[in-house]
Amino acid sequence: MANSFELIGTLKVLEEPQTFASGFTKREFVIEVPDGNYPQMVKFEAVRDKIDQLNNFSLGDELKVTFDVRGNEYKGRYYVNLNAWKIQGEASGGGAAPAAGAPQGASSDPPPGAFDNNFDNESEATEDDIPF
């Protein structure tokens with residue numbers, strides 16, 4: 001795939017590197033991305049030489065992750081991985097960085113009418129209600 005995407009979020013989980021018998025090495029990490037009342041926890045993996053980029057970060061750091069979407073099939077099951085290839089700290093970012101960091105075609109708020117179902121009656125909902 002030629003498309004790459006970017007997300008900005010807070011580093012929540014940083015796993016230890018994993019090395020497999022084939023010599024393949026990867027390191028998984030999770031960032032929390034704000035999304036209204038329900039922040040999203042997004043898991044990425046860095047492979048081979050990209051793992052070293054994670055050595056400069058600690059839990060709680062604000063990151064900008066540039067990644068590709070990878071998918072494969074194994075024994076009739078399908079898997080999707082978010083392959084991080086550029087990881088930057090956001091401390092040096094400008095004021096407009098969060099808007100520029102949103103994935104293409106994504107917005108933190110859905111368009112009007114996107115959820116025209118019975119559960120969107122705000123007068124009956126509380127802040128803790130989950131809409132699903």
Proxy exposure order for Phe5, Phe44 (fewest C-beta within 10 Å first) is Phe5, Phe44
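Calculate, for Val80 and Glu16, the FRET efficiency according to 1/(1 + (r/R0)^6) with r their C-beta to C-beta distance and R0 25 Å; round to the nearest 0.05.
According to the calculation, E is roughly 0.65.
Computed from the coordinates by the stated procedures, all read-outs in this text should not be read as laboratory data. Remember, it's a predicted structure, so these values are computed and weren't measured experimentally. Neighbour counts run over all protein chains shown; Cβ positions are idealised from the backbone, glycine included.
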